[in-house]
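Here the structure is laid out as structure tokens; the discussion comes afterwards.
The values are calculated or read from the model by the stated rules, or taken from the named source; none is laboratory data. Bear in mind the structure is a predicted one, so any value in this text is a computation, not a measurement. Cβ sites come from the backbone with ideal geometry, for glycine too, and all protein chains shown count toward neighbours. Note: areas computed on protein heavy atoms with side chains; ligands, DNA, RNA excluded. Shrake-Rupley method; radii C 1.70, N 1.55, O 1.52, S 1.80 Å.
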Amino acid sequence: MKKISLTFILLLLSFSGCVNKHGISAKYYSDCKEYYDLQGFYHKDCGEDDIVTYKEMIDVLKTKETAPQGNVW
């Protein structure tokens, strides 16, 4: 049931958003913040405008429903 509802939601989101390399977002090109910190390491922060990322989609599909433990009644 979760997979069917997730598929339906993702289908609706794909028509309402743009599919890019990060996932489904409000814009096709993500606004990325690129900067160097004080130690000289490069940082790139992207994906703040993402609705659903591909990593979140995979995590939901991999989760398994646990069987009830013990007596249900």
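All conditions but one from (1) part of a helix (DSSP H, G or I); (2) at pLDDT 75 or above; (3) surrounded by 11 or more Cβ atoms within 10 Å (Cβ to Cβ); (4) not small (Gly, Ala, Ser) apply to residue 10; the one that does not is (2).
Determine whether residue 42 is open to solvent by 100 Å² or more (accessible area, probe 1.4 Å), in contact with a strand residue (DSSP E or B) (Cβ under 8 Å, 6 or more places away or on another chain) and modelled with pLDDT under 70. Write out each step before concluding.
Values: open to solvent by 100 Å² or more (accessible area, probe 1.4 Å): yes; in contact with a strand residue (DSSP E or B) (Cβ under 8 Å, 6 or more places away or on another chain): yes; modelled with pLDDT under 70: no.
The answer is no for residue 42.
Only residues that are among the aromatic types (Phe, Trp, Tyr) and free of Cβ contacts under 8 Å to residues at least 12 places away in the same chain were counted across the stretch 51-73, and they come to 1.
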